[in-house]
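Notes follow once the structure below has been shown.
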């Protein structure tokens, strides 16, 4: 069970990472990062099962709340960016580029 | 069988988040992935984590992002496409599978402490509150600050 969860967590992390790189929409990039977070939480649970240590579950709980903070801030930034620029296409948001 | 089904649902829905064109469908796929991961955590004798994944990440984050997508009501031009094709990005999945297989091989060969039969119920919550209380308190505080800040920023007119 623990090994299976570890594999699932790894795959979820890489899928989310790939999605954040591939998709050019700010919203879908946020969703992909949440998939990566799910992979991280699954990995913590997997190691807690493999080691029989509840500390891994406690850390997973902290990661869940921090992911919520990230999602709230990301959604706010998306709304503000859309109000100012009328787009969430990352290819058009290039103010920081030279 | 049940765990295998949840694994397949989790992986397919995560792939759907990346591959689906419409952001609404990606958000719905994320909700499905959260359900599957919550089920896997429950099957792994971690009901506290399962509950938090379902309620916080699913009902909180998932619905928040879905509502944001619905409110913005983006046109296809505003959404943005893909930089790479889905077929090429599947190479990332192959790499991930290879990395996961290597991880599994390393873990199987490394010595692991003798695990207890199961993590007793309630010990995760006790460990979180007693051993990681400061971390959780800071996480809660940052969540409150983030929500208040989001409300203040969103209220301003462009």
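When residue A:47 is tested against the conditions (1) more than 20 Å from residue B:35 (Cα to Cα); (2) in contact with a helix residue (DSSP H, G or I) (Cβ under 9 Å, 6 or more places away or on another chain); (3) modelled with pLDDT under 85, the lone failure is (3). Within this structure, residue B:149 passes the test of being modelled with pLDDT of 70 or more, within 8 Å of chain A (Cβ to nearest Cβ) and out of contact with any helix residue (DSSP H, G or I) (no Cβ under 6 Å at 6 or more places or on another chain).
All of A:41, A:45, A:88, A:63 fail the test of being within 14 Å of the chain's Cα centre (by Cα) and either closer than 24 Å to residue B:19 by Cβ or facing chain B (nearest Cβ under 7 Å) (or both), apart from A:41. Quick one: is residue A:31 at pLDDT below 85 and either touching a strand residue (DSSP E or B) at 6+ places or on another chain (Cβ under 9 Å) or under 15 Å from residue B:61 (Cβ atoms) (or both)? Judged against the criteria, residue A:31 is not a match. Flag not set for residue A:73, criterion: facing chain B (nearest Cβ under 8 Å) and either surrounded by 24 or more Cβ atoms within 10 Å (Cβ to Cβ) or farther than 23 Å from residue B:67 by Cβ (or both). Of the residues screened, residue A:41 is not one that is surrounded by fewer than 22 Cβ atoms within 10 Å (Cβ to Cβ), in a helix (DSSP H, G or I) and in contact (Cβ under 8 Å) with a residue 24 or more places away in the chain.
Of the numbered criteria (1) under 27 Å from residue A:86 (Cα atoms); (2) touching a residue at least 12 places away in the same chain (Cβ under 8 Å); (3) surrounded by fewer than 19 Cβ atoms within 10 Å (Cβ to Cβ), the one residue B:71 fails is (2). Counting the residues of the range A:17-36 that are more than 7 Å from chain B (Cβ to nearest Cβ) and free of Cβ contacts under 8 Å to residues at least 24 places away in the same chain gives 3.
Residue A:93 meets the conditions (1) more than 14 Å from the chain's Cα centre (by Cα); (2) part of a helix (DSSP H, G or I) in every case but one. The failed one is (2).
Of all residues in the range A:49-58, those satisfying the criterion of being buried (at least 20 other Cβ atoms within 10 Å of the Cβ), without any contact (Cβ under 8 Å) to a residue 24 or more places away in the chain and either part of a helix (DSSP H, G or I) or in contact with a strand residue (DSSP E or B) (Cβ under 7 Å, 6 or more places away or on another chain) (or both) are A:56, A:57, A:58.
The values are calculated or read from the model by the stated rules, or taken from the named source; none is laboratory data. Keep in mind the model is a prediction, meaning the values are calculated, not measured. Cβ coordinates were reconstructed from backbone atoms using ideal geometry, including for glycine residues, and neighbour counts include every protein chain displayed.
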